[in-house]
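Read through the structure below, which is laid out as structure tokens, and then see the notes.
Every number here is computed from the coordinates shown, using simple stated rules; none is lab data. Nothing here was measured: the structure is a model prediction, and the numbers come from that model. Cβ placement follows ideal geometry from the backbone for every residue including glycine, while neighbour counts extend to all protein chains displayed.
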Amino acid sequence: MLKNIDPALNADVLHALRSMGHGDTLVISDTNFPSASVARQTSLGKLLSIDNVSAARAVRAILSVMPLDTPLQNSAGRMEVMGHPDEVPAIQAEVQAEIDAAEGRPSPMYGIERFAFYDLAKKAYCVITTGETRFYGCFLFTKGVVPPVSPQS
């Protein structure tokens with residue numbers, strides 16, 4: 001265990017999050033997403049996992065250490081429900097609440113059509129699968145920057 005690090009974050013996930021640069025994307029996936037085959041096509045090339053937790057719980061852990069990109073560009077996306085792109089299932093509302101809490105303000109997710117999501121996922125830095133069993137528990141996040149700390153005078 002480490003102090004001030006969410007215990008859901010394992011060493012492999014922490015390494016990947018630290019290795020990502022500004023503008024890199026990561027996928028949080030549910031148990032139905034083809035995580036292993038998509039992960040092989042990402043920059044990292046292997047599947048990561050945060051086992052036995054919901055997508056919302058995994059997002060809370062990840063956003064406790066990873067900044068999202070600025071509000072000037074889309075930094076949090078959700079897989080749209082096929083045939084109902086404006087529908088927001090409960091799991092997506094839960095993740096939206098975690099994003100808003102981490103950002104300290106409303107930061108609405110944008111919708112990504114299902115097959116477009118698969119294409120974007122293959123271009124991501126990594127895929128992190130969760131224990132989420134509900135449908136449409138798949139998300140794409142773009143890493144932002146941590147501003148420098150000014151030295152104390």
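Before moving on, here are some points about what is shown:
- Residue count for the range 134-153, restricted to those that are free of Cβ contacts under 8 Å to residues at least 24 places away in the same chain and either aliphatic (A, V, I, L, M) or in contact with a strand residue (DSSP E or B) (Cβ under 6 Å, 6 or more places away or on another chain) (or both): 1.
- Residue match in the range 57-65 (condition: farther than 17 Å from residue 6 by Cβ and of a type outside the set (Lys, Arg)): no
- Qualifying residues in the range 1-51 (those that are part of a loop (DSSP other than H, G, I, E, B) and of a type in the set (Val, Ile, Thr)) - the one farthest from residue 74 (Cα to Cα): 5
- For the range 105-118, taking the residues that are surrounded by 13 or more Cβ atoms within 10 Å (Cβ to Cβ) and of a type in the set (A, V, I, L, M, F, W, C), the one that is farthest from residue 143 (Cα to Cα) is identified as 116.
- Residues of the range 70-100 that turn out to be under 19 Å from residue 17 (Cα atoms) and either over 12 Å from the mean Cα position of the chain (by Cα) or small (Gly, Ala, Ser) (or both), as a count: 5
- Some residue of the range 119-133 being surrounded by fewer than 19 Cβ atoms within 10 Å (Cβ to Cβ) and without any contact (Cβ under 8 Å) to a residue 60 or more places away in the chain: yes
- Test: residue 96 is without any contact (Cβ under 8 Å) to a residue 24 or more places away in the chain and surrounded by 16 or more Cβ atoms within 10 Å (Cβ to Cβ): yes
- For the range 81-93, taking the residues that are touching a residue at least 40 places away in the same chain (Cβ under 8 Å) and in a helix (DSSP H, G or I), the one that is nearest to residue 54 (Cα to Cα) is identified as 91.
Conditions (1) among the small types (Gly, Ala, Ser); (2) under 18 Å from residue 112 (Cβ atoms); (3) buried (at least 22 other Cβ atoms within 10 Å of the Cβ), marked per residue:
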{"site": "26", "(1), (2), (3)": "no, yes, yes"}
{"site": "33", "(1), (2), (3)": "no, yes, yes"}
{"site": "36", "(1), (2), (3)": "yes, no, no"}
{"site": "41", "(1), (2), (3)": "no, yes, no"}
{"site": "46", "(1), (2), (3)": "no, no, no"}
{"site": "51", "(1), (2), (3)": "no, no, no"}
{"site": "55", "(1), (2), (3)": "yes, yes, yes"}
{"site": "59", "(1), (2), (3)": "no, yes, yes"}
{"site": "63", "(1), (2), (3)": "no, no, no"}
